[in-house]
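One structure is given here, and the rest of the page talks about it.
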């Protein structure tokens, strides 16, 4: 882990919103992060990205925050419901001027991307920040892109020998009744159908018959040109949090008990019916194996900084099966990633500070290599 000494003050550019279907989730996350950050240690520069790709200065929204709980709730309302990034509190900014300000400032600058899904979690924003020579929280271009694309991630995970459920991938031009028949023949029923490049369960369907599989493929095709189809695993949903760069550490295991048929977008963010149990009630050897597999998955996909690693636990049966790895997991105080670290002894505010230090550590380490242009 990096040295625990923190510079006097860090300019923290918080990027949120974005063009993906997870825009709203990102805004809620940003509100909680901004409210939790220690202003004595960080100068916050919130930058919103609208649904159509405009970069907007959201500094005006900070006036809603004065440090108490009531003001924090107001900030959440401003960012999550209203950043209506067209309001007078937000003005369009030129990305180039923001980067120039950040790089010319005497204050150390770190970017915290809270952009879930495409154009934020998939390596695109990471590539932009690499070109700008700015340190940023989370995985680099390759790790971000690999983990975001569920089909390619599964190929890498299979090569690494990490157990996972049976699956197939297809391009949307392949959608047909013949493809549906083949998928059912290969994987059985029911099936989960997912866009390959999205998160927060957006566009995910559980299909119980051929007609539902075809409809689910059509739904997923609205979000991505590649689709992942998986067998339905009758197992418990186990999640772990990983934190670190070269020597990552892993949290206790937690369990999610969905309030619906599966852990859907509504169950995660709207209904609040899912139950979270930390630590998960697992045999000690299974908990230890889950931690080992989480670290192995993190390394196999070249993740850095943070990731939430999700498993199914099939018992009796095949045991732990990797579901997916999220490099920018949900990050509100009630999200699984921060809750796992809180249960493991790291508070929400301290977790943010640790992630900033990891970003600086990674940036400094990579500066040593020739050809980086730094």
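Among 326-336, 228-238, how do they line up by average Cβ neighbours within 10 Å per residue, starting with the highest? Write out the running numbers ahead of the final one.
Numbers: 326-336: 22.7, 228-238: 19.5.
Peptide ranking by packing, descending: 326-336, 228-238.
Mind checking Rg over Rh on segment 283-374, alpha carbons, Kirkwood formula for Rh? List each step's numbers first, then the result.
Details: Rg = 16.0 Å, Rh = 15.2 Å.
Over the Cα atoms of segment 283-374, Rg/Rh equals 1.05.
Here the relative contact order of segment 284-358, from alpha carbon pairs under 8 Å that lie six or more residues apart, stands at 20 percent. Estimated at 0.36 nm per residue, the fully extended path between residue 288 and residue 276 surpasses their Cα-Cα distance by 2.4 nm. For segment 167-231, the relative contact order comes to 47 percent (Cα pairs under 8 Å, sequence separation of at least 6).
Going from the residue with the fewest nearby Cβ atoms within 10 Å to the one with the most, 116, 208 rank 208, 116. Modelled label positions at residue 38 and residue 128, each set 7 Å beyond Cα in the direction of Cβ, lie 3.0 nm from each other. Here segment 316-334 is scanned for amide nitrogen atoms under 18 Å from the site 7 Å beyond the Cα of residue 156 along Cα-to-Cβ, giving 322-329.
Across segment 167-231 the C-alpha pair distances fall into 5 Å bins from zero in the proportions 4, 22, 37, 27, 10, 1 percent.
Quick note: the coordinates plus some simple rules give every number you see, no bench work behind them. Worth saying up front: this structure is predicted, and the values here are computed from it rather than measured. Note that each Cβ is placed from the backbone with ideal geometry, even for glycine, and that neighbours are counted across all protein chains shown.
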